[in-house]
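In what follows, a structure is listed as structure tokens, so that the remarks can point back to it.
Here, each number is a calculation from the coordinates, and none is a lab measurement. None of the values given here were measured: they were computed from a predicted structure. Quick reminder, even Gly has a Cβ in these numbers, built from the backbone with ideal geometry, and neighbours come from all protein chains shown.
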């Protein structure tokens with residue numbers, strides 16, 4: 001088996017250092033933080049302040065204008081990565097709101113837009129007067145994986161805030177990055193971490209890659225701090241349960257200060273798929289540490305055989321459960337998709353195990369898809385290009401096969417809407433099945449034929465009331481829902497659009513959204529339509545009024561509701577959707 005231990009490659013020497021303290025009990029004062037100005041095209045300076053300890057990263061931003069932020073379009077955006085050349089491996093957080101109601105959201109993480117992240121542990125305050133605004137923010141390192149303060153000699157960050165002036169919009173940033181809100185590659189400012197305030201020896205380790213499946217080795221980053229030169233010992237063991245597969249030991253003299261190491265391991269002979277442990281232990285300066293890092297192995301030969309078995313089942317014309325076969329193949333696709341970005345391997349390994357279990361049950365003549373209440377994922381093979389397409393399915397509390405259920409298909413340009421608990425509560429109260437087609441790659445939208453095939457696959461597998469099938473969408477998904485709902489009115493009992501104008505082609509290129517009512521598709525007068533719009537959404541009230549008037553001219557009777565803030569960024573539209581659906585279901 002191969003094991004490598006070497007100093008973590010360093011970047012160019014940073015010009016700015018964040019002070020690292022052993023413990024900070026409350027937000028530090030400016031004198032305990034390092035100050036750094038943001039770049040802008042005007043002379044007024046916006047100054048950031050930085051410090052950290054073992055648990056949290058602290059930063060503040062002082063800007064020379066009152067900056068209560070009503071819209072996420074003007075949010076303060078913080079982006080951080082462990083390496084400047086990892087275009088998809090970063091966490092981007094947005095901060096907005098007012099002094100009484102500060103708001104935090106995760107914008108992007110490791111290539112995923114609006115991922116599910118517990119932002120309640122982030123402490124965010126803003127203090128506003130007529131001349132300036134001070135933002136203070138505390139972010140736990142645990143939310144910024146794989147970052148820890150001692151693991152790397154420097155980290156890559158950016159801080160961005162826009163300001164509107166009579167001359168136009170000015171963007172203040174640490175490093176110029178015009179596309180800072182997109183999910184593409186980022187530009188960063190390099191910050192070093194200065195541990196000189198540490199008084200005791202400290203060791204940190206984090207497994208940045210915990211999955212081996214034939215190529216990329218398992219990797220751990222190790223950070224050490226010695227207040228003085230001393231001998232140190234490092235021991236490494238690979239274990240499976242109580243059995244030790246191999247062990248390594250190294251003794252060396254470590255100088256005072258911080259040390260950054262990278263450990264890589266991969267097997268040189270086949271290992272069965274399963275969960276293993278890499279155990280690190282060390283001694284130095286009178287201190288000891290032990291850290292156990294679970295990791296996962298997927299045997300490439302076993303993976304190939306599993307995929308081949310499922311493809312044979314799919315090709316069998318007598319296959320009784322084609323949707324289950326497609327879903328099992330979908331689990332393998334999701335595994336590969338997760339491996340393509342810088343994510344850890346727990347879910348990847350679970351996807352592999354799920355596909356394996358589904359294959360075994362199919363071989364035994366059992367349908368592995370369990371129609372029980374809760375959220376699950378399923379797949380079907382698209383007719384257009386023979387690729388697998390995924391959707392999330394939520395079955396409401398009390399779901400059984402003994403009755404027919406109404407259905408709502410919700411479209412969105414991100415797959416995290418499916419896990420929203422407010423929508424699950426809506427489904428439970430109304431006794432409603434929810435379907436969330438996963439967005440396509442590239443522009444994030446699905447083709448009409450894929451959406452209709454998804455609906456057909458759902459109808460085939462579940463006992464649905466075909467007279468109570470609704471389609472809806474949010475933002476770009478709302479535009480898509482408008483197009484599909486008006487284009488196929490015979491399949492739907494109602495259409496709900498949240499923060500979306502009818503169709504993409506209604507937008508004048510290069511301008512803000514404005515519905516071109518002359519191109520409005522024919523509307524079935526009897527099709528109920530709900531339009532929900534946020535007070536701070538891009539399209540203004542005048543274009544929305546034109547749209548509603550055009551719908552009414554064609555005989556439709558749309559219900560219009562406006563909600564505070566932005567409907568595409570908040571879930572504040574659920575009560576309006578609930579009331580409208582309840583009315584339609586009781587007809």
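General remarks:
- Per residue of the chain, the DSSP helices (runs of n ≥ 4 H) give a summed -39500 (n - 2.57) that works out to -6000 deg cm²/dmol at 222 nm.
- Relative intensity, log₁₀ I(q)/I(0), of region 349-489 from a Debye sum that treats every alpha carbon as a point, q = 0.09, 0.13 Å⁻¹: -0.28, -0.59
- Relative contact order, percent, region 1-109 [alpha-carbon distance under 8 Å, six or more residues apart]: 16 percent
- Panel note: the C-alpha atoms of region 17-194, placed on their principal axes, show extents of 45, 36, 30 Å (largest first).
- Neighbour-count ranking [beta-carbon atoms within 10 angstrom, fewest first] of 172, 578: 578, 172
- By the count of other C-beta atoms within 10 Å, a proxy for reagent exposure, 4, 167 are ordered fewest to most as 167, 4.
- Whole-Å semi-axes of region 283-421's equivalent ellipsoid (Cα gyration tensor): 33, 22, 16
- Length-normalised contact order for the chain - Cα pairs under 8 Å, 6+ apart - percent: 9 percent
- Calculated FRET value between residue 277 and residue 586, using beta carbons and R₀ = 60 Å, to 0.05: 0.60
- Legend: Rg and Dmax of region 200-297, from Cα coordinates, 14.3, 44 Å.
- Cα pair distances in region 131-203, grouped into 10 Å bins until the bin that holds the longest one, percent each: 14, 36, 32, 14, 4, 0
- The chain: angle of helix 448-461 to the longest principal axis, Cα-based, in degrees nearest 10: 90 degrees
- Radius of gyration, Dmax [region 356-406; alpha carbons; angstrom]: 13.6, 37
- The alpha-carbon atoms of region 74-179, seen along their principal axes, cover 41, 30, 26 angstrom, with the largest extent given first.
- Between helix 476-487 and the chain there is an angle of about 20 degrees, using the helix long axis and the longest principal axis of the Cα atoms.
- Here the ratio of the Cα radius of gyration of the chain to 2.2 N^0.38 Å is 1.09.
- Averaging the Cα positions of each part gives two centres, and for region 385-432 and region 263-301 these lie 39 Å apart.
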